[in-house]
Every structure is written in C-alpha cells, then in structure tokens.
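Chemist: Dropping a structure here in structure tokens format, bear with me for questions.
The values are calculated or read from the model by the stated rules, or taken from the named source; none is laboratory data. Nothing here was measured: the structure is a model prediction, and the numbers come from that model. Every residue, glycine among them, receives a Cβ derived from its backbone with ideal geometry; neighbour counts consider all protein chains shown.
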Amino acid sequence: MPDTALLIIDLQTALLSDAHEVEACLHKVAHLAERARCASMPVIYLRQRLPDVPAGLIDVHPTVAPQLGDVVLDKDGADSFLDTGLGKLLDEQEVCRVIITGFATEYCVDSTGRSALSRGYDLVLVSDGHTTPERPPGAAPSAAQVIAHHNTTFSAIQYAERSITVEPAAHIRFDAARAS
C-alpha cells in the first residue's frame with residue numbers, strides 16, 4: 001500500500017478566475033495527479049463549499065478534474081482536515097506523507113500544510129503547484145511574492161520527526177525511493 005497521497009486543494013473554476021499563473025499551475029497539478037494514479041497513490045481533492053455559486057462553477061477545474069477512484073471531500077474552512085474526514089481517510093490508507101497543491105497559497109494551502117505537520121504527516125509542498133489571487137496593480141505583496149514567501153517559509157519550517165520538502169512538480173517522485 002502506498003504511504004503517500006496527493007492533495008489537490010480548491011482548484012475550483014469559481015475560485016480561479018483571477019489566480020496567478022493559473023494555467024501553468026493547473027497543468028503541473030494535472031500531470032502530478034496522473035503520475036500519482038499511475039503509481040497507485042491516492043489522489044484526494046478538497047473542495048470548498050460555495051453556497052452562493054452556481055453548481056458548475058463549484059466543480060474542480062476541468063484541467064485537473066477528478067478521475068475514477070479519486071476521492072473528493074467537501075470542506076467549509078481553510079484547514080482541509082477540519083470536519084472533512086481527511087485525517088481518517090489518510091490513516092485508513094496508512095499514508096504518512098502528503099503532497100500538497102492547490103489554491104489559495106496563504107489560506108487553504110498554508111493551513112492544510114501546517115495541519116498535516118501537526119497531525120504527524122511528512123509534507124511535500126509543490127513549489128509551482130499552488131497559486132493565489134492576483135493583487136491590484138501596485139499592491140504589496142504581489143501574488144508571486146506570496147507564493148515565493150510560502151515556498152521559502154515551508155523550506156525553513158522544522159517540526160520534530162517530520163520531513164518537509166518544497167520541490168517543483170517536475171522533481172516530485174512517486175516511487176518507493178521517494179527522493180522528495
């Protein structure tokens with residue numbers, strides 16, 4: 001049984017209209033998901049409930065849409081573990097490492113990453129596999145700066161007995177050797 005799961009957080013059509021470099025992010029995550037499936041690793045989608053949004057826009061973006069065998073869990077907050085059953089699902093599948101991708105970097109991606117570490121999971125943050133909304137011209141920090149800041153922060157975080165890696169999608173390995 002694989003000990004790693006790929007988490008795809010909130011890559012929903014309704015949320016991505018003004019996201020930073022969204023097409024590149026979506027394509028990298030889609031390729032990661034396909035590689036994870038080929039390695040028989042769980043692909044788990046976390047989907048933010050959006051009660052006032054039309055049904056089609058709540059769906060995961062077609063570029064990264066769930067496939068047969070993937071799991072989709074709905075959530076109401078930034079922490080993907082909170083009241084979703086994610087922790088129970090990962091424990092049942094004996095997962096000890098999560099690979100995190102998604103939207104929005106400083107909210108749901110950050111909260112889920114920190115929660116995973118606090119719950120005892122090793123963490124891989126896909127450095128080019130998360131995005132956040134663009135800011136108005138001249139706003140600080142810019143979306144690119146937010147992403148870079150979180151990549152740097154997670155590169156420096158230390159949790160006792162946890163492995164934390166920040167790697168671009170192309171460097172993520174889905175095999176027993178687990179370089180990252």
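Chemist: Could you tell me whether residue 69 is in contact (Cβ under 8 Å) with a residue 12 or more places away in the chain, farther than 18 Å from residue 122 by Cα and of a type outside the set (Phe, Trp, Tyr)?
Modeler: So residue 69 fits the description; yes.
Chemist: Out of 97, 135, which single residue is charged (D, E, K, R), under 15 Å from residue 4 (Cβ atoms) and either surrounded by 16 or more Cβ atoms within 10 Å (Cβ to Cβ) or in contact with a helix residue (DSSP H, G or I) (Cβ under 7 Å, 6 or more places away or on another chain) (or both)?
Modeler: 97
Chemist: Still on this structure: Among residues belonging to segment 145-174 that are surrounded by 14 or more Cβ atoms within 10 Å (Cβ to Cβ) and among the aliphatic types (A, V, I, L, M), point out the one that is nearest to residue 5 (Cα to Cα).
Modeler: 172
Chemist: Please verify whether residue 102 is of a type outside the set (Asp, Glu) and surrounded by fewer than 18 Cβ atoms within 10 Å (Cβ to Cβ), treating the condition exactly as stated. Working first, answer last.
Modeler: Working: of a type outside the set (Asp, Glu): yes; surrounded by fewer than 18 Cβ atoms within 10 Å (Cβ to Cβ): no.
No; evaluated as a whole, the condition is false for this residue.
Chemist: If you check residue 107 against the conditions, is it in contact with a helix residue (DSSP H, G or I) (Cβ under 8 Å, 6 or more places away or on another chain) and surrounded by 14 or more Cβ atoms within 10 Å (Cβ to Cβ)?
Modeler: No: the conditions fail for residue 107.
Chemist: Here are some residues: 39, 78. Which one is in contact with a Phe, Trp or Tyr (Cβ under 6 Å, 6 or more places away or on another chain), touching a residue at least 12 places away in the same chain (Cβ under 8 Å) and exposed (fewer than 15 other Cβ atoms within 10 Å of the Cβ)?
Modeler: 39
Chemist: Inside segment 78-180, counting only helices (runs of 4 or more DSSP H) that do not spill past its ends, which hold 1 or more residues that are basic (Lys, Arg), modelled with pLDDT of 95 or more and out of contact with any strand residue (DSSP E or B) (no Cβ under 8 Å at 6 or more places or on another chain)?
Modeler: Helices (runs of 4 or more DSSP H) meeting the threshold: 86-92, 110-118.
Conditions (1) charged (D, E, K, R); (2) within 12 Å of the chain's Cα centre (by Cα), marked per residue:
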site: 3; (1), (2): yes, no
site: 7; (1), (2): no, yes
site: 33; (1), (2): no, yes
site: 53; (1), (2): no, no
site: 77; (1), (2): no, no
site: 88; (1), (2): yes, no
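Chemist: So which pairs qualify, if the first residue must be in segment 142-168 and in contact (Cβ under 8 Å) with a residue 24 or more places away in the chain, the second must be hydroxyl-bearing (Ser, Thr, Tyr) and part of a helix (DSSP H, G or I), the Cβ gap must be under 6 Å, and the two must be at least 6 apart or on different chains?
Modeler: If the second residue must be hydroxyl-bearing (Ser, Thr, Tyr) and part of a helix (DSSP H, G or I), the pairs left are 146/105; 147/105; 150/105; 166/155.
Chemist: Provide a single number: the residues in segment 35-47 that are closer than 16 Å to residue 9 by Cα and assigned to a helix (DSSP H, G or I).
Modeler: 1
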